[in-house]
Amino acid sequence: MSAFEYYAKKSITEDNVNRKRKNKKKLKKTPVKITKTENGDENPKKTSIHVLNNIYNFNLKDSSETGQKLMEWLIHPNGIDDFMSYYWEKTILHVPRNSPNYFSQMFSLTELDTILRENNLQYGTNVDITSYTDNVRETHNPVGRAHPHVVWDYYNNGCSVRLLNPQLFAPEIYKFMANLQEYFGSLVGCNVYLTPPFSQGFAPHYDDIEAFVVQVDGEKHWRVYKPRSLFETLPRTSSRNFHQDEIGEPILDVILRPGDFLYMPRGYIHQADTLFTETHSLHLTFSSYQQNSMYDFLKVVVNNSLNNAVKNDISYRLGLPVGYQHFGGLCESEKSLPHTVQRRRFESEIKQLIKNLKNHLDLDHAIDMFSLKNYYTNSLPPSICNVEMLRTVANGTKMLPGGKTTGDEVNLEIAEVKLIRRNCFRLVEESMLDEETDRMTNELRLYYNLDNSKQLHGNDCQFVVIPDEMGLFVKKLFNMYPSFIKVSELCDDNEQVMQLVNDLWERGLLITSKNITTASN
């Protein structure tokens, strides 16, 4: 069965498209203020590429600065301080630009077609085929590989195409995501959306992420609505699909054109279509801050505090009062007040235990545990540029034709080094069971995301066990960043420290201030 036959069975036919064409005059287009390019460059595409590449070069100085400059580039001409004060988690930001090539380096229609042709993309895992017609949102994913011919058949019959985890296939998207996460310290995701003319792919809904929409090609009509209630403001989960009569009037009704940008906090309902723009649309939605709220952090803080309390305070190890189940509950709450003496005493004890938890708070350990679970385990590995490659272990011995290897060596003793990224590592002290003594002992672990998969989520974050006496030197590397430090100063003729530096270097965790590979005799 062809995609057209499958799609036709869903009662979406040429008549729907023709009806939408006839109704296109119903749209009242909101005037859009267009800002001119500042430098008037004759080739804005080259200018945009040059700007992005310059930003990536900041990794040689400070990776978190690279991430911040990428964020500033996204929201330009708005400043980062104003954005965080007035828009972040508060309201939408729409940035129209008279710069069609602003985002052209990131992705293109040709690249999407190439990805489909050269990779074994699977429906549901890598590609979704969707439609939204007559208030019905449908997914039309067949089983198996998403062959381009079939995907474009769906597209030609009014379906939207969503490319999931594009960082696996699109180098520029991966590079952007890996560097932007250095600013947020939170996982950055991305989806690609291609919508044919006169169609809509998704129902009105809100998401559980901070959304950054960049229009790459074509045009798309966006409507954005305020959260419906305080309960749906900054939600922790995405919404169901809403019906049009549930969402009220939009607070933003605009056409996004190539180079335009839109930010939406989580909880803001939105829908986008090409019903009246008479053209296709290709846009990317970058995301961050999924389940990265105070609530999520406090769960770790409270659990950590309870673990400390039960070890150090006998009050938390006392048994519950006999008959506690009759002190309260749904049925007991129906009884007339006042509560029994036993109930009041029990309630007082519980409140006191909760109050005393603050005495067992270990904020440093809670931050380590939360960031390790929420960020380092899920984040992308860093994107290493060619210049950086020459200063890392990647520039070591190479294979030559004829089965011979280069005679290049790396002399770390004469090098200046630093950690390769600010937010790629976490030094954590963990309690481990010593099987020989059957006692708990502390172990220093240096976790890092350099070996993470680009797939996102659920990586087994790699780590190096750091001997206790070496912890001081690892902390020094952390605290020196982004400055380089001479290995000779760090080691001070200590063979153990030199071995540690070699271990970190061989795992790709260190970068030198310059190319230190030399030819051996």
request  = Report yes if Arg223 is in a strand (DSSP E or B), among the basic types (Lys, Arg) and either within 18 Å of Ser160 (Cβ to Cβ) or open to solvent by 10 Å² or more (accessible area, probe 1.4 Å) (or both), otherwise no.
outcome  = yes
key: Members of region 296-310 that are β-branched (Val, Ile, Thr) and either at pLDDT below 95 or within 25 Å of the chain's Cα centre (by Cα) (or both)   = Val300, Val301
inquiry  = Within region 502-509, does at least one residue satisfy the condition of being basic (Lys, Arg) and free of Cβ contacts under 8 Å to residues at least 24 places away in the same chain?
reply    = no
ask   = Which helices (runs of 4 or more DSSP H) does region 339-426 wholly contain that include 2 or more residues that are under 29 Å from Cys190 (Cβ atoms), of a type outside the set (Phe, Trp, Tyr) and touching a residue at least 12 places away in the same chain (Cβ under 8 Å)?
value = 363-371, 386-389
request  = Could you list, in sequence order, all residues of region 322-364 that are closer than 17 Å to Lys299 by Cα and open to solvent by less than 100 Å² (accessible area, probe 1.4 Å)?
outcome  = Leu353, Asn356, Leu357, His360, Leu361, Asp362, Leu363
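The values are calculated or read from the model by the stated rules, or taken from the named source; none is laboratory data. Quantities reported herein were computed from a predicted structural model and do not represent experimental measurements. A quick note on method: Cβ atoms are made from the backbone with ideal geometry, for glycine too, and the neighbour counts reach across all protein chains shown. Accessible surface areas use protein heavy atoms only, side chains included; no ligands, DNA or RNA. Shrake-Rupley method; radii C 1.70, N 1.55, O 1.52, S 1.80 Å.
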